[in-house]
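Contents: one structure, followed by commentary.
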Amino acid sequence: MAAKDSMPAVHLLPEAGTALAPGRRRPARRTNHALTALVFAATGGRVAEPVAPTPTAHPPRLRRMLRERAAHGRRAGGDPTRFGAVDLVAMLQERRLSSAELTEAYLARIARLNGDGGAITVARGPEGPDRRHAVYADNGALNAYVTVYAERARSAARAADARLDAAVRTGVAAPLLCGLPVALKDVIAVDGLPLSLGCPSLRGQRVAGDSVIWARLEAAGAVLLGHTHTGPWTADDLCPQTANPWRPELAIGGSSGGSATAAAARLAALTVGTDTGNSLRNPAQQAGISALKPSHGLIPLTGVAPLIPGLDHAGPMAPAMEDVSLLLGALAGRDATDPRTRFAPFSPDIPLFARGGDRPLAGMRIGSTIETEPAPARHTWDPDIVAALRRCEDELRVLGAEIVRIDPPARVHAGSHERLTDHERRMVHADTYARTDDAAIAAAVELRHRHTPSERDRLLRETADPAALDAARGDRRAYRRAWNRLMADQQLDAILWPQKVQLPPRRENDFTAPFAGVEKARANTLGWPCAHLPLGRGVASGLPVGVDLAAPWGHDETVLRIGLEYQARHPHHLAVPTP
């Protein structure tokens, strides 16, 4: 998995423009207040308030299921990292497993498989090395994590065990995530910890203030293992520094590639990624795992570095859909620091288990665009992917669903999506991104736009045009209305559409031409929940294949329910790519 060129691993220091010798590590930095302002820019600088732990009462059915899962796990034995998150929750809650033991097992696996997450090299473009920029390197291992917090994790695990033991003594249940090791994408703030946004110039720069995501996970007793790799400033379709665990010479996909590989290779029980234009679901397909881009506003984004506020989402990633549901339950809900959550659709009844039975999806109508997508050209679709998509339709029919072929509505005006993203990006980054005087951030901006200098120049030169932004948002509203009419006219509960329809490219450089899928930001533009469902591996390629499953805004439970029932019958998610 080593890089194909012979360029040494270097780190360009933005304040001096010089390189560190290969293997040297950057010294720890103090809090970077400019970076903190950037990360919290979309919420006006407001950081997460501490979340007070609240007494928990698990419903009787949940307690019964946890006891059954714990007993099964105890009988199975073996490496605890091979169990799903819900099974691990059961064993932790029933005290069949300690968080300290579980955390050590994950740390040992990370030490064996991850390699040095801080390895860097010169950028490698289509025309060869670009010595102006440093990027995170292919380190010869999986490289899912950019930073691992081993001692912090051990301390948190000990505290979680004390909390779980107290729950047994008092009869007051601990939160479900208590003691469970998790990982966060390298754009999600944790107070006092480094955040590099996928840019080596920011490595070691620390932020002040927690994201709401981490504040909620910490209050639930989760154990943070580390931050996972992403492409520079998440604007990336490949995440080339991170290996595809099924075939390491191929791309895992971006930009939440580190979180996907960590979940697939069992380097964390649960991971959190972000998605502005397919960044959760693309790497989920390549890794063969489940993921959910939730309804817009369902998970607060305070403390998540913004890219395009109207399209940004954070979401759970894990092998099984039940584990995705588990994590969603801890993250979802309104928060005063993020106005996008003001009207968030939240139901406490997030499904965690399949209902089962012969036809659990009877009465559901699911639209499908698998045969009707206008792009990319059909002859470019991989035959393995096409076969799996068609098989999925048949499998859902067996589960009782009616599959309805539909034509996807076209966008109202060509280029409206691009105009919207351009103006929203300028709006949120006007002060903290385009006109920064922080050398590390300036170097990161240059890296982010090294292949799109005209876009960078517009950000440096122009400010958002409110009238143009309103017009672009009007086009988005019209696009949403068209899809909502389709759902109503056809009386549909959900829609299947393809994810990537071509195999991932090799990781020979960090700007390989993107591999094609259908309209990648469709679910983000609509704001709809969109789950990724693994469908097994291709016969010829041996690589994971999957499908996206969407429903109207606020119907996250619908896509989760379909995914749970499908996986109860077709457990493709149980495959582990690495020993």
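The values are calculated or read from the model by the stated rules, or taken from the named source; none is laboratory data. Just so you know, these numbers come straight off a predicted model, no measurement behind them. Every residue, glycine as well, gets a Cβ built from its backbone with ideal geometry; the counts of neighbours run over all protein chains shown. The protein model used for the area step is the full one, side chains on, heavy atoms only, and it has no ligands, DNA or RNA in it. Shrake-Rupley method; radii C 1.70, N 1.55, O 1.52, S 1.80 Å.
From a point 7 Å beyond the Cα of residue 112 in the direction of its Cβ, which residues of the stretch 213-251 have a backbone N at a distance under 17 Å? Zone members listed by number: 245-246. Given their separation in residues at 0.36 nm each and the Cα-Cα distance between them, residue 49 and residue 467 gain 147.0 nm when the chain is fully extended. A straight line joining the Cα centroids of the stretch 63-100 and the stretch 151-230 runs 21 Å.
Each of residue 64 and residue 358 was given a label point 7 Å from its Cα along the Cα-to-Cβ line. The distance between the two points is 2.3 nm. Surface composition of the stretch 258-395: carbon and sulfur make up 53 percent of the accessible area, probe 1.4 Å. Going by Cα centres, the stretch 534-579 and the stretch 369-430 are how many Å apart? Between the Cα centres of the stretch 534-579 and the stretch 369-430 lies a distance of 16 Å.
Using Cβ point charges alone (K and R +1, D and E -1), the dipole size of the chain about the Cα centre works out to roughly 860 debye. Amide H contacts of residue 547 (H built 1.01 Å from N, in plane; Pro and chain starts excluded): 533, 535 sit under 5 Å, all sequence-distant by 5 or more or on other chains. Sort the chain into rounded, prolate or oblate with this rule: let a ≥ b ≥ c be the square roots of the eigenvalues of the Cα gyration tensor; rounded if a/c is under 1.5, and if a/c is not under 1.5, prolate when a/b is larger than b/c, oblate otherwise. Because its axes are fairly even, with a/c under 1.5, the chain counts as rounded. Note on the chain: Lys pairs 8 or more places apart or on different chains, Cα atoms under 22 Å apart, count 6.
When you filter the chymotrypsin sites (Phe, Trp or Tyr not before Pro) in the stretch 269-358 for DSSP loop state and at most 13 other Cβ atoms inside 10 Å of their Cβ, you are left with 343.
For a protection proxy built on the mean count of beta-carbon atoms within 10 angstrom, sort 403-409, 276-282 highest first, please.
Highest mean packing first, the order is 276-282, 403-409.
Compared with the alpha-carbon gap, the fully stretched path from residue 165 to residue 380 is longer by 71.8 nm at 0.36 nm per residue. Assuming a ≥ b ≥ c are the square roots of the Cα gyration tensor eigenvalues, decide whether the stretch 294-425 counts as rounded (a/c under 1.5), prolate (otherwise, with a/b larger than b/c) or oblate. It comes out oblate by the Cα gyration axes. For the stretch 132-144, 3J(HN,Hα) computed residue by residue from phi via the Karplus equation (6.51, -1.76, 1.60; θ = phi - 60°) reads 6, 10, 9, 10, 5, 9, 5, 9, x, 10, 5, 6, 6 Hz, glycine and proline entered as x.
What number, rounded to the nearest 500 deg cm²/dmol, is the helix-based mean residue ellipticity at 222 nm of the chain, given -39500 (n - 2.57) per DSSP H run of at least four residues and division by all its residues? Don't jump to the answer; show the numbers that get you there.
Numbers: 16 runs with 196 residues, N = 579.
That calculation yields -10500 deg cm²/dmol at 222 nm.
Using the Cβ-Cβ distance between residue 158 and residue 395 with R0 set to 35 Å, the FRET efficiency works out to roughly 0.20. Amide H to amide H, with H built 1.01 Å from N, residue 228 comes under 5 Å of 146, 184, 185, 186, counting only residues 5 or more places away or on other chains. Solvent-accessible surface of the chain, averaged per residue with a 1.4 angstrom probe and all protein chains in place: 37 square angstrom.
Along the stretch 515-526 the Karplus relation, 6.51 cos²θ - 1.76 cosθ + 1.60 evaluated at θ = phi - 60°, assigns HN-Hα couplings of 8, 7, x, 6, 3, 6, 9, 4, 5, 5, 4, 6 Hz to successive residues, with x for each Gly and Pro. Once the chain from residue 75 to residue 508 is taken as fully extended at 0.36 nm per residue, the excess over their C-alpha distance is 151.4 nm.
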